[in-house]
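These notes are about the structure you will find just below.
The values are calculated or read from the model by the stated rules, or taken from the named source; none is laboratory data. All values reported here derive from a predicted model rather than from experimental measurement. Positions of Cβ are backbone-derived with ideal geometry, glycine not excepted, and every protein chain shown enters the neighbour counts. With ligands, DNA and RNA removed, areas are computed over all heavy atoms of the protein, side chains included. Shrake-Rupley method; radii C 1.70, N 1.55, O 1.52, S 1.80 Å.
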2 protein chains.
Amino acid sequence: MSVSGKTAGIKDVALAAGVSVATVSRVLSNGPVSDTLRKRVEDAVRATGYRPNLSARRLRSQHSQTIGLVVSDIRNPFFTAVSRAVEDAAYRAGMRVILCNSDENPEREELYLRLMQEERITGLIFAPTRATLDRLDGLDLDFPVVLIDRNAPTGRHDAVVLDNPRAAAMLVEHLHAQGYRRIAGLFGNTSTTGQERHEGYRAAMTARGLAPAARFLVPHADAAEEAVVAWMSERDRPEAFIVSNSLFLMGVVKAARRLRLPIPDGLAVAGFDNEPWTELVGPGLTVIEQPVQDIGQSAMALLFERLEAPDRPSRRLILGGTCIVRGSTAARMAAAD
Amino acid sequence: MSVSGKTAGIKDVALAAGVSVATVSRVLSNGPVSDTLRKRVEDAVRATGYRPNLSARRLRSQHSQTIGLVVSDIRNPFFTAVSRAVEDAAYRAGMRVILCNSDENPEREELYLRLMQEERITGLIFAPTRATLDRLDGLDLDFPVVLIDRNAPTGRHDAVVLDNPRAAAMLVEHLHAQGYRRIAGLFGNTSTTGQERHEGYRAAMTARGLAPAARFLVPHADAAEEAVVAWMSERDRPEAFIVSNSLFLMGVVKAARRLRLPIPDGLAVAGFDNEPWTELVGPGLTVIEQPVQDIGQSAMALLFERLEAPDRPSRRLILGGTCIVRGSTAARMAAAD
DNA sequence: AGCCGGACTGTAATCGTTTTCACTCCGTTT
DNA sequence: AAACGGAGTGAAAACGATTACAGTCCGGCT
């Protein structure tokens, strides 16, 4: 349809329809226009191949209809699932989503927060690193923030998180019931999530009279693999590992393979995030499944509520996880050791 | 910092620095300004907490400094890796990326293409479904498009793709050398990629005097699982499967488990995309690794070249894959059958 | 001394919309 | 019959930046 080189603007449409630009604008936004003119304009829109210019629209109307979503690892299926849910909810509300991937890197987070400011987003859904979480209160951003996955120590922002302590405790309970006693823990040292899961682990262990033994690692499979390999040659070698993310899960499996320890007889393991492949490796891996869909939708809901009532007290939504039991935590064999 | 409620604009900065808005703008874009004023303005920028308004900037300057990236499945590590590479390259060039996930859904693609138009992006990197690929030429978009992963039949657009026929042939070769003969193929029916891989498979099979046996499925693990389960109970049950994507890989593994067929003795399998977990399931899965980083960077490079020379003939970049051999294609046992 | 040119600087136009405001109809109320 | 009110319309002012254009200043040439 584009006859001339340039894209048609609202002016061209007005000209083609023989009306003023104001009328065109009103047609486009369902304002009060007579049926005759409305039809004429609609035809002109089609004829000219008009496409609105979002920059102009946003500039004039002063709201971007855009929400930001900054996640810490786009490869993590947890975040891809959440972002899917967020995007769908946003789209239903006529909003756009800017998705950014911080890679657990505070500098990138800073960069993206600046970008969000400059885009004048109406709200942000954010899974920050601990470093940024600490600075968050002093940051005066001019849009509301809903935290996901990571929990703010100070409750200034809305948040929706998994009940991490409880989830970790479920894993301890389960392993304990299956006959495991020396249960070690591997936790990420970069997010509050790791801390919370550790806390739940520690509490559940001591509650059962077991000695907690936790180590904190950078969130990479390699780190977990090395840690497990080293740990298994120490005096009190663990019978089972509870790990706080799926990268560690991979690390443990690799370590078990390297040490030629069968899962679960040589080494049991349970972790977080029910990724598709966890079902396939070894006898299947026992994991906590997060209500990802729910998390995304709730985050959006919280954001919208906040936009409507900017001054209501902040709210924290804590959702429960599901324990998916698989072969990697089958009942401990009565073997001595 | 922000004293009043509203975010400071260039006007506020000008006022604070005692200069005109033009000078502020020039400072911000490194135009010619005396050192004295430059310093005054920079101080004022800091003092007011000024953040540029990207909508205004884009509207006036008429270039969005934004490139679009529409992938067909954000969960697919191939695309997350590519998008990472694209984003990095874009950022180095001072550009932003809008990432969208079409989910192999032509309607969503249409939606996103429209969005791209309205955002007035400067260029698009796109992995289209076949449906959209066919319509692509008639679509007159006002920005250049670089295709990735999917290949256009008509060469109107720049593209960077894997050498799919060759890659599929490599898998056939490998399986053949390992002693397999009845090698079946499972290919996606929604992208050209599947077609090309099938073509390579078919050619390589017939070149070796083997009978190709291919089926085409919607790209879901379940579809592959069912197909394999059914196929394995037919007269000419395959010894090995070559599959065209990682979802099918999961399906085959699940089917093998369901049928209690050990990999590779009961059923060998090889596929595409070296995802982290392929190393972990069963004896490890043999896959073709794509040069994801290279693909992303090359796509950006192609896009930039095109922007500089809009009329140069379109170019197609074909990159080679690497065959990662693992246990799922270990040499065929001499067993009769 | 007068002129020229280069280096800055400010004024104002502009990008494509939305939105305010005033105005014109026309039917209804008093 | 005059006044009112509501609905539809257009002219023009924003929105917040960039940029064309026109000065101003000052040093160096002739």
Here is a check on your reading of the model: is residue B:135 out of contact with any strand residue (DSSP E or B) (no Cβ under 8 Å at 6 or more places or on another chain), within 21 Å of residue B:314 (Cα to Cα) and not polar (S, T, N, Q)? yes
Within the bounds of segment A:82-103, is there any residue that is among the acidic types (Asp, Glu) and buried (at least 23 other Cβ atoms within 10 Å of the Cβ)? no
Members of segment B:246-266 found to be touching a residue at least 24 places away in the same chain (Cβ under 8 Å), away from every other protein chain (no Cβ under 13 Å) and surrounded by fewer than 24 Cβ atoms within 10 Å (Cβ to Cβ), listed by number: B:259, B:261, B:265
Give the residue that is farthest from DNA strand D (Cβ to nearest atom), with candidates limited to residues of segment A:3-40 that are within 14 Å of another protein chain (Cβ to nearest Cβ) and more than 41 Å from the chain's Cα centre (by Cα). A:3
Odd one out for residue B:43, checked against (1) under 26 Å from residue A:68 (Cα atoms); (2) more than 8 Å from DNA strand D (Cβ to nearest atom): (1)
Conditions (1) open to solvent by 10 Å² or more (accessible area, probe 1.4 Å); (2) over 11 Å from the mean Cα position of the chain (by Cα); (3) modelled with pLDDT of 90 or more; number of the one not met by residue A:149: (2)
When you scan segment A:15-33, how many residues do you find that are free of Cβ contacts under 8 Å to residues at least 12 places away in the same chain and in contact with a helix residue (DSSP H, G or I) (Cβ under 9 Å, 6 or more places away or on another chain)? 8
Strands (runs of 3 or more DSSP E) contained entirely in segment A:265-337, each with at least 1 residues that are more than 30 Å from residue A:229 (Cβ to Cβ) and at pLDDT 95 or above: A:316-319, A:322-324
Search segment A:222-244 for residues that are touching a residue at least 60 places away in the same chain (Cβ under 8 Å) and pair each with any residue that is in a helix (DSSP H, G or I) and basic (Lys, Arg) when their beta-carbon atoms are under 7 Å apart and the residues are at least 6 apart or on different chains. A:244/A:197
In segment A:204-243, what count of residues is obtained for those that are assigned to a helix (DSSP H, G or I) and either open to solvent by less than 40 Å² (accessible area, probe 1.4 Å) or within 14 Å of chain B (Cβ to nearest Cβ) (or both)? 11
Strands (runs of 3 or more DSSP E) contained in segment A:88-181 and holding at least 3 residues within 29 Å of residue B:66 (Cβ to Cβ) and within 14 Å of chain B (Cβ to nearest Cβ): A:96-101
Test for residue B:318: is it open to solvent by 50 Å² or more (accessible area, probe 1.4 Å), within 15 Å of the chain's Cα centre (by Cα), away from chain A (no Cβ under 14 Å) and more than 18 Å from residue A:282 (Cβ to Cβ): yes
Yes or no: segment A:64-76 includes at least one residue that is open to solvent by 20 Å² or more (accessible area, probe 1.4 Å), more than 29 Å from residue A:295 (Cα to Cα), within 14 Å of DNA strand C (Cβ to nearest atom) and in a loop (DSSP other than H, G, I, E, B). no
